[in-house]
Amino acid sequence: MGSVNANVFASLKMELKSSSAEILTPDAPGYEDSIKRWSDTCIKRAAAVVKVTSAMDIASVLAFAKEKSIPIVVHGGGHSTSGGSAIEGGIVIDLCKMRQVSVDAEKKTITAQGGCIWENVDIEAAKYGLATVGGTVNHTGIGGLTLGGGYGYLSGRYGLTLDNLLSVKLVLADGKLVTASENENADLFWAVRGAGQNFGVVTEFVFRAYEQKEVYAGMLMFPPDKIPEIVAFANHLHEVTNGDQCLLFGFTCPPPMNAPVVVAAIFFNGPAAAAEEFFAPLIALGPVVNTASTIPYDALNSLLNPACGFGGRKLFGGGNITMPLDPAFVLSIRDEYMEFINTHEGMGESLLLFEQIPYQKILETSNEAMAFANRGKYYNVATCFKWYDTALDAEVRTFSRTFMNKISQEGGLDRNRKVGDGEGVGQYANYANHDVSPTVLFGSNAARLQELKKKYDPENLFNKNHRLLPQSA
Ligand SMILES: Cc1cc2nc3c(=O)[nH]c(=O)nc-3n(C[C@H](O)[C@H](O)[C@H](O)COP(=O)(O)OP(=O)(O)OC[C@H]3O[C@@H](n4cnc5c(N)ncnc54)[C@H](O)[C@@H]3O)c2cc1C
């Protein structure tokens, strides 16, 4: 589409006059900040960024965009690395002014506006001694993370973020504000839980909350020669976990030393003495860094923040691994990964993580119960490549795709297999890029999703996430 003249927005400004919404066109102070995203690859020059404050504002923007044929995108926390919340020449519906959270301590529910980040939710809930399943990095948006799935340290006990979602309010493509829950617009609620980004703008999430005491958690760092023993511990954890322990471990090569290290985030939902006993074999390996201690739950999701700051070019990739892990396989993956990192300028901050978040609780819900279809007896593997030189963009993308396929094929489910009814797809949509098809991401749920897309967004207004098209099966 061609460039949009800033004057075009005069009528929208009039329409939003009584609201405290802001319309930022490229000449406006604050515009440059408003198009920043977690990854610099997703900085796109929108024709306007509209910082909305309510469902009514959102409906006005949608109607205006349709009338003028200007494409839109929704910006939650801005962490998607596939560009799902950024747009060149279109309108960004920016939810950053919608970050209110309220807690009903009696009913044990958390109501959060659609633009919240996890920090908003964790801190407010903690005031009541409560928590829900949030992401492991607290500046991530609740919007994208929840709608695509939601794995967190509490998933072993309570399932995915989606499994704890009681209802949403969302503005549909036609501007209507509706509630979706098990009892209201149940088909929409089914679709929203896994593919919600394709169906509307969620203005409000209601989550189930749980009493949450302090937890034992921290970061460990080991020299690479400890990999076989760490893998042995991962296999042991897999056998003995009751859902209250997590181990996220993997490889990075951070400056200023630029030396390869193994990093591990450990989590134990219980008292320090039991945690120390549980992780004793790992601690006995003599980590060169060990920050593990008892901390409040609302501090837990900031542990990984220092390794996950804004800035730089970044790309997430997802795959899966099945247990037991073979140390020789992990070493071969490490070698291939480090070879790529070390032969490409400025990539040392990249990270590969095996995410051992126990899945028994997650498996209590079926892959047909909602659109999300990544439940199976495997763990996610995530890569986050980070680099600075735009000339590397294409090469990193190609390497990431091939490398993640290889991990899943050689160490996990074979992703080229045809996914049968009820089987997990082996690919977490929130780690996948837009070149992964809806069938790969949603398996046999893809057909129903496309039907529902036809019902709720026939003109495909919300088209920036995973290319789900409105069509009949
Ligand atoms: C540092 C980091 C840590 C992460 N940790 C975890 C983790 O622990 N667990 C996990 O499961 N995932 C994790 N992820 C992946 C994360 O779930 C996705 O990146 C997710 O898309 C981020 O959501 P966002 O709102 O921040 O991103 P955005 O880029 O703002 O949004 C992503 C997509 O969701 C849409 N969207 C956002 N909000 C709304 C809304 N209210 N209504 C409708 N659509 C909306 C956007 O339009 C876009 O298509 C992590 C990612 C990063 C970068």
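Tabulated results
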| item | result |
| --- | --- |
| Packing rank of 389-396, 289-296, where each peptide gets the mean count of other beta carbons within 10 Å, highest leading | 289-296, 389-396 |
| Packing rank of 74-83, 402-411, where each peptide gets the mean count of other beta carbons within 10 Å, highest leading | 74-83, 402-411 |
| Share of carbon and sulfur in the accessible heavy-atom surface of segment 101-211 [1.4 Å probe, %] | 45 |
| Non-local Lys pairs in segment 101-211, i.e. 8 or more apart or on different chains, that have alpha carbons under 22 Å apart | 4 |
| Mean Cβ neighbour count within 10 Å, used as a protection proxy, ranking 324-336, 423-435 highest first | 423-435, 324-336 |
| Kyte-Doolittle mean at least -0.5 and Cα axial length at least 24 Å: DSSP H helices in the chain | none |
| Around residue 159: net Lys/Arg minus Asp/Glu count, Cβ-Cβ under 13 Å | +3 |
| Per residue value of the accessible surface for segment 6-94 (all protein chains in place, 1.4 Å probe), Å² | 39 |
| Accessible area per residue in Å² at 1.4 Å probe, computed on segment 237-393 | 39 |
| Overall form of the chain per C-alpha gyration tensor (a/c, 1.5; a/b vs b/c) | prolate |
| Whether segment 57-118 is rounded, prolate or oblate, judged on the alpha carbon gyration tensor where a/c under 1.5 counts as rounded | oblate |
| Positive minus negative residues near residue 93 (Lys, Arg vs Asp, Glu; Cβ under 10 Å) | -1 |
| Separation of alpha-carbon centers, segment 367-406 and segment 306-327, rounded to whole Å | 8 |
| In nm, spacing of pseudo-spin labels at residue 3 and residue 27 (7 Å Cα→C-beta vector) | 1.2 |
| Mean-position separation - Cα centroids, segment 422-463 and segment 9-55, in angstrom | 28 |
| Helix-only mean residue ellipticity at 222 nm for the chain, each DSSP H run of n ≥ 4 adding -39500 (n - 2.57), per residue, nearest 500 | -8000 deg cm²/dmol |
| Sequence-separation-based contact order of segment 101-211, relative, with Cα cut under 8 Å and 6+ spacing, percent | 31 |
| Rounded to the nearest 10 Å², the accessible area of residue 119 at probe 1.4 Å | 70 |
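The values are calculated or read from the model by the stated rules, or taken from the named source; none is laboratory data. Source: prediction; values computed, not measured. With ideal geometry, Cβ positions are generated from the backbone for all residues, glycine too; neighbour counts draw on all protein chains shown. Heads up: the accessible areas ignore ligands, DNA and RNA and are worked out on the full protein's heavy atoms, side chains in. Shrake-Rupley method; radii C 1.70, N 1.55, O 1.52, S 1.80 Å.
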